[in-house]
Amino acid sequence: MAQRVSNDGLADRLGVLFPMDENLPCSEGTTLLRAFAEARPADFAFLKPGDLINLHNSAFAGILEWETFSEHYGSCELCHA
C-alpha cells in the first residue's frame, strides 16, 4: 500500500522543488504530482528541481503517475504562467 503524503509534506517538497515559486503546478498538476508522491513515495523523495526542467529523468521512465504528471506539466499554460 502506498504511503499517503500529507498536505504539509507535499507543501514542504514543493518548496524544495520550486524554491522561487516559479512554475508551480496548477491545481490539476499538483493533484497529479500528489498521485505520483502517493504511489511512489521513495521516487518522489528522490525528485530534484532539475527533473522538472526537462521532465525526462530516466529513473522515472515507465512510472505511469510521473509520465501523466510530466505530460500535463510540460504542456499546461497554467503551470508555466
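Some notes on this structure:
- Test result for Ala42, exposed (fewer than 15 other Cβ atoms within 10 Å of the Cβ), of a type outside the set (Asp, Glu), at pLDDT 75 or above and out of contact with any Gly (no Cβ under 7 Å at 6 or more places or on another chain): yes
- Tally, over segment 3-22, of residues that are at pLDDT 70 or above and assigned to a loop (DSSP other than H, G, I, E, B): 1
- In segment 48-73, residue nearest to Pro25 (Cα to Cα) [restricted to those that are out of contact with any helix residue (DSSP H, G or I) (no Cβ under 7 Å at 6 or more places or on another chain) and surrounded by 14 or more Cβ atoms within 10 Å (Cβ to Cβ)]: Ser70
The values are calculated or read from the model by the stated rules, or taken from the named source; none is laboratory data. Just so it is clear, the model here is predicted, and its values are computed rather than measured. Ideal geometry is used to build each Cβ from the backbone, glycine not excepted, and the neighbour counts take in all protein chains shown.
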